[in-house]
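Visitor: Just dropping this structure here.
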Amino acid sequence: MVSLTLEKVGANYGRRTVLSDVNTGLLRGGGLTAVIGPNAAGKSTLFKRIAGLTSGPGTVHLSDAAKGPEGICYMPQDTGANAVLTVYESVLLSAKQGSGWKVKDGELAEIDRVLGELRIADLAFRDLGELSGGQRQLVSIAQALVRRPEVLLMDEPTSALDLFRQIEVLGFMKRLSAQSGMAVLIALHDLNHALRYCDDTIVISGGSVAASGRTHEVITADMLRSVYRVEARVEACSMGRPVVIVDGSL
Amino acid sequence: MMVAMTDQVSGIEGRGRYRALVLRRLLLIFCLLGALFASVAVDMALGPANYPLADVLTALSRPETVSDQLRVVIWDIRMPIALMAVTVGASLSVAGAQMQTILANPLASPFTLGISAAASFGAALGLVAGIAIFPVAVSYMVPINAFLMAMLAALFIHFASTMRGVTVETIVLLGIALVFTFNAALSLLEYLASEQALAAVVFWTMGSLTKATWPKVWITGAVLLFAVPLFARHAWALTALRLGDDKAASFGINVRRLRLEAMMTVSLLAAIPVSFVGTIGFVGLVGPHIARMLVGEDQRFFLPASVLCGALLLSVTSVVSKMLIPGAVLPIGVITALVGVPFFFVLIFTNRRRAW
Ligand SMILES: Nc1ncnc2c1ncn2[C@@H]1O[C@H](COP(=O)(O)OP(=O)(O)OP(=O)(O)O)[C@@H](O)[C@H]1O
Ligand SMILES: [Mg+2]
């Protein structure tokens, strides 16, 4: 199973350092890891740095990855695109990068399968420009999945989805990673989703790691106060699961 | 990766529909090709003396069987012009298509980035002041001047775009600034020019195919044959650029390098035809838009469609420019817009897909 360790990882845009000294324990495949933190903390930057899209000090250790760094796939946060392409073509585009013009039946079957899995097969021949925000986000997930990544970095994949789609996508990703051994890091703003679906959590604040470890040990009232500046409780609900209840801002 | 979120939807439908879509596009491309051949044949039949189409086809297929006069008119006079329309139209259209792609801007074209304006200024330098920027072949002074200025403008844009903090929007702005600068310089030259030189400059900037010769056809054709395969090799990557830089980068594309490489090729592709035939602005802007409306933006179809739409647009224009006033050949740069605009409007207003 693929695993990932970050050692003293930093990132800079030009001369400005926005991320420094990020260390993590072993991030194992087969489950979801939440990356949480306030706006502008550096979550997206961390993902880009891991995917090799920005430069910076430190090393990203990858082990048991058959495809090597190629197997790391970053799913960007913004998915606004106005290309004159159908959903089907845009997913094919992702699958075919770096290969020839000819499209085999097997490759098309793969696209049909991914669209089916995400339940957007009915959108296949709609133009990208006429999709809703949530539909775009689902297409973006499809584009990432057809690449068959070993490490998938999803930047707020559920931010535009309705409640049903949010839990459907997160539940699907959890099952998928458990089954395929893929390592999935998900940047999230909904801490209850993190508590419910992610085994581990990394908290980024001001460009460095504020806390990391098992999710229920990381998401605590103290952390919420110091990192998010909110007064909140983490309590067990009637089903016994921990939930975050926010009382107010500091 | 075999877990479905809930029920799995049958995969056959999407695959079949996609194959049908591809077939329809291929058909469209073949129709364009057929129309292009027809247009070129008609173009060669028309002129001061009109020949029946059958004679033209005989002269093309078996030149030894027709009269010397017909052979000379078709092969040495009309064919270079007809083929120049094809190569120039194709080059400008592809150049426009890739500028629009890499700059993510529907207004980008050889015109918008100042390449045409720079060429006009270079040509005017030769025509008005007799200045040869690169004094070698006097008979080619005007096109060489035009080409050097066009490349200078293109290189400026190229180096500006490598600078940190220069976004694609800034590049378009810089291009438009270049247009204004070169137009001002051109006006100044025109103001100072003699009446005779002024007429020459005005005629040059209108764009005309009448000075086409076989060497010019070969040069534009060769650049086209060099550029198109280069773009074809990057077809998937160029298409992905239209999903945004972040998305393209996440597909493993080196966005910066791809953009620079495409920009260099595009500059050459735009500068050569402009320096031979003058300003024909419309094709580079509208050719790609027509192609996009017909086949979408998958470059495997968009690229050939852009080639054909540009070539067809200019070839039909060449035919029309001979027919409007019998006996006179109107400057093609003027006619392109007149022919293309109505067609373009019809496409925009009847198209069920978005145009950009
Ligand atoms: N391309 C860029 N150039 C310069 N600075 C940038 C760039 N992208 C991000 N930054 C800066 O880096 C810092 C971290 O940004 P990042 O996008 O990683 O935050 P984030 O944690 O993903 O926030 P959000 O929750 O809002 O998505 C911010 O201060 C931002 O202004
Ligand atoms: Mg972010």
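The values are calculated or read from the model by the stated rules, or taken from the named source; none is laboratory data. Everything numeric here is computed off the predicted structure, so don't read it as measured data. As a convention, Cβ positions derive from the backbone with ideal geometry for all residues, glycine included, and neighbour counts pool all protein chains shown. Each accessible area value is taken on the protein alone, full model and side chains, heavy atoms only, with ligands, DNA and RNA left out. Shrake-Rupley method; radii C 1.70, N 1.55, O 1.52, S 1.80 Å.
Visitor: Hey, among the residues in segment A:19-50 that are farther than 30 Å from residue A:180 by Cβ and within 11 Å of ligand 2 (Cβ to nearest atom), which one's surrounded by the most Cβ atoms within 10 Å (Cβ to Cβ)?
Guide: By that ranking, first place goes to A:38.
Visitor: Residues that are of a type in the set (D, E, K, R): list the strands (runs of 3 or more DSSP E) wholly contained in segment A:145-250 that include at least 3 such residues.
Guide: Ranges flagged: A:230-236.
Visitor: Assess whether residue A:72 counts as being of a type in the set (Val, Ile, Thr) and within 16 Å of ligand 2 (Cβ to nearest atom).
Guide: no
Here is a yes/no grid of residues against (1) over 25 Å from residue A:89 (Cβ atoms); (2) touching a Cys at 6+ places or on another chain (Cβ under 9 Å); (3) of a type in the set (Val, Ile, Thr):
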| residue | (1), (2), (3) |
| --- | --- |
| B:224 | yes, no, no |
| B:228 | no, no, yes |
| B:239 | no, no, yes |
| B:264 | yes, no, no |
| B:274 | yes, no, yes |
| B:279 | yes, no, yes |
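Visitor: Restrict the check to segment A:163-170 and report whether at least one residue is open to solvent by less than 10 Å² (accessible area, probe 1.4 Å) and either within 16 Å of ligand 1 (Cβ to nearest atom) or within 10 Å of another protein chain (Cβ to nearest Cβ) (or both). First the steps, then the outcome.
Guide: The initial filter retains those residues of segment A:163-170 that are open to solvent by less than 10 Å² (accessible area, probe 1.4 Å), namely A:169-170.
Within this subset, residues satisfying the condition of being either within 16 Å of ligand 1 (Cβ to nearest atom) or within 10 Å of another protein chain (Cβ to nearest Cβ) (or both) are A:169.
Yes - at least one qualifying residue is present in segment A:163-170.
Visitor: Output the residues belonging to segment A:138-160 that are aliphatic (A, V, I, L, M) and within 16 Å of ligand 1 (Cβ to nearest atom).
Guide: The answer is A:153, A:154, A:160.
Visitor: Of all strands (runs of 3 or more DSSP E) completely enclosed by segment A:1-97, which ones contain at least 1 residues that are away from ligand 1 (no atom under 16 Å from the Cβ) and either closer than 30 Å to residue B:236 by Cβ or touching a strand residue (DSSP E or B) at 6+ places or on another chain (Cβ under 8 Å) (or both)?
Guide: The strands (runs of 3 or more DSSP E) meeting that bar are A:3-7, A:32-36, A:59-63, A:72-75.
Visitor: Further question on the same structure: Quick one: residue A:69 ticks every box in (1) within 10 Å of chain B (Cβ to nearest Cβ); (2) in contact with a helix residue (DSSP H, G or I) (Cβ under 7 Å, 6 or more places away or on another chain); (3) closer than 27 Å to residue A:43 by Cα except a single one, so which number is it?
Guide: (2)
Visitor: Still on this model: Only one of (1) within 16 Å of ligand 1 (Cβ to nearest atom); (2) on the phi < 0 side of the Ramachandran plot is not met by residue A:217, so which one is it?
Guide: Exception for residue A:217: condition (1).
Visitor: Here's another thing I want to ask about it. Among helices (runs of 4 or more DSSP H) lying entirely in segment B:74-187, which contain 3 or more residues that are under 30 Å from residue B:50 (Cα atoms)?
Guide: Numbers: elements: B:79-103, B:115-124, B:141-162.
Qualifying helices (runs of 4 or more DSSP H): B:79-103.
Visitor: Could you please find all residues in segment A:74-96 being crowded, with 24+ Cβ neighbours inside 10 Å and either more than 8 Å from every other protein chain (Cβ to nearest Cβ) or touching a residue at least 60 places away in the same chain (Cβ under 8 Å) (or both)?
Guide: Scanning segment A:74-96 gives A:74, A:75, A:76, A:79, A:87, A:91.
Visitor: Do you know which of the residues in segment A:123-137 that are open to solvent by 30 Å² or more (accessible area, probe 1.4 Å) and within 12 Å of another protein chain (Cβ to nearest Cβ) is nearest to ligand 1 (Cβ to nearest atom)?
Guide: Restricting to residues being open to solvent by 30 Å² or more (accessible area, probe 1.4 Å) and within 12 Å of another protein chain (Cβ to nearest Cβ), the top hit is A:136.
Visitor: Within segment A:189-196, is even one residue of a type outside the set (Gly, Ala, Ser), under 20 Å from residue A:64 (Cα atoms) and within 16 Å of ligand 1 (Cβ to nearest atom)?
Guide: Applying the first criterion (of a type outside the set (Gly, Ala, Ser)) to segment A:189-196 yields A:189-193, A:195-196.
Restricting the remaining residues to those that are under 20 Å from residue A:64 (Cα atoms) gives none.
Looking for residues that are of a type outside the set (Gly, Ala, Ser), under 20 Å from residue A:64 (Cα atoms) and within 16 Å of ligand 1 (Cβ to nearest atom), one finds none in segment A:189-196, hence no.
Visitor: Still on this structure, I have one more. Let me confirm something: among A:224, A:188, which residue is crowded, with 16+ Cβ neighbours inside 10 Å and within 16 Å of ligand 2 (Cβ to nearest atom)?
Guide: From the options A:224, A:188, the qualifying one is A:188.
Visitor: Among the residues of segment A:112-122, what is the count of those that are facing chain B (nearest Cβ under 7 Å) and part of a helix (DSSP H, G or I)?
Guide: Quick first cut of segment A:112-122, residues facing chain B (nearest Cβ under 7 Å) only: A:112-113, A:115-119, A:121.
Of the ones still in play, those that are also part of a helix (DSSP H, G or I) are A:112-113, A:115-117, A:121.
Counting residues in segment A:112-122 that are facing chain B (nearest Cβ under 7 Å) and part of a helix (DSSP H, G or I) gives 6.
Visitor: Can you tell me how many residues in segment A:104-118 are open to solvent by less than 10 Å² (accessible area, probe 1.4 Å) and without any contact (Cβ under 8 Å) to a residue 12 or more places away in the chain?
Guide: 1
Visitor: Got at least one residue in segment A:168-181 being under 29 Å from residue A:80 (Cα atoms), in contact (Cβ under 8 Å) with a residue 40 or more places away in the chain, in contact with a strand residue (DSSP E or B) (Cβ under 6 Å, 6 or more places away or on another chain) and within 16 Å of ligand 2 (Cβ to nearest atom)?
Guide: No: zero hits.
Visitor: Further question: Do we have residue B:219 as within 25 Å of residue B:93 (Cβ to Cβ), modelled with pLDDT of 90 or more, out of contact with any Phe, Trp or Tyr (no Cβ under 7 Å at 6 or more places or on another chain) and open to solvent by 60 Å² or more (accessible area, probe 1.4 Å) here?
Guide: yes
Visitor: Here's another thing I want to ask about it. Taking segment A:173-185 as the region of interest, how many residues are away from ligand 1 (no atom under 16 Å from the Cβ), under 13 Å from the mean Cα position of the chain (by Cα) and open to solvent by less than 60 Å² (accessible area, probe 1.4 Å)?
Guide: Residues that pass the stated criteria total 5.
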